[in-house]
Amino acid sequence: MEAPLYPDFPLDPSTPRGGQPAFWVGPRYLAGDDGRLYDAVADTLSGLGWTSLTIVRGRHEPDEVPEDRQVLRSTVLHISPDALRWAQWSLADEPFHLGDLPIAWHISARADTSSPLASWSSYFTTDVPGEAVTDFLVALDARGEPTVPLAGPELVLDAVAAHGWLRDIDQPHAAATDPTFTSHISLGEVPPLIQDADPRALTAEADEAGPAGWQAWAEPALGAPCLWAASFGSSVPHDLVSAFAASLSSTAPVLRRVTPLATRERLLRAPA
């Protein structure tokens, strides 16, 4: 259990003007997304020059005023200038779940524009720290070829170990956990429905393991619901996963106005 830096300051004190005060908090992997996971990522993509498209599905009656329109589903799609990578905000579009949590961002890439299919996909639920998702996307944007592997899986574990995470005793080359044993990253079996172009993902028999991919999640207490989860298809380059892992495990504090109830007592905090 970690103690507040300033115990005399409540985590969410009221202010004279009624605004939500900001705090510097850590560790990052337990700080949540501040309720701004879309804004944080979308602002970064806009700065990188990605194009955003909004798809709205609904019912519109003749002479109906816009505010009465029944929107059934909506999706926001961000596409890189070379059209080789894209990020889809799918929370409002009936997303499937990962670790019993709705997937918020679905990020994919392909080798060339001649194929409409993604070579790999990655998925991030709500409360994944926005800093980690944006750093993953910045690394993806900077890559000349978004699907070519450039490094091995050891790069991911080195990234978290550099920030004090502990390698798993039984799987030192495939898994690690934070010092409080609440957050984990592991290379292993990929959950169902994770899209990937690796043909082994489609041909694996029911009793044999398919290609391994990286999974990360936070479990605030043993047996408690996950705070967040992230999944990477087996073809996601390890250096991109490493960028996510390095940001996730960073010891630098992050600015938050809203923190997850499940981890609030574990956070170090200081007024901003």
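FYI, it's all coordinate maths here, none of it is from the lab. Because the structure is predicted, anything quoted here is derived from the model rather than measured. Please note: Cβ atoms are built from the backbone with ideal geometry, for glycine as well, and neighbour counts cover all protein chains shown.
Highest-first packing order for the peptide set 162-169, 151-158, 121-128 is 121-128, 151-158, 162-169, based on the mean count of other beta carbon atoms within 10 Å. The stretch 223-248 and the stretch 112-166 have Cα centres separated by 8 Å. Overall form of the stretch 73-163: oblate. Here a/c, set by the Cα gyration tensor axes a ≥ b ≥ c, is 1.5 or more, and a/b is not larger than b/c.
Using R₀ = 45 Å, calculate the FRET efficiency as 1/(1 + (r/R₀)^6) where r is the Cβ-Cβ separation of Asp158 and Val56; round to 0.05.
On the way: r = 44 Å, r/R0 = 0.97.
Given R0 = 45 Å and the Cβ-Cβ separation, E is 0.55.
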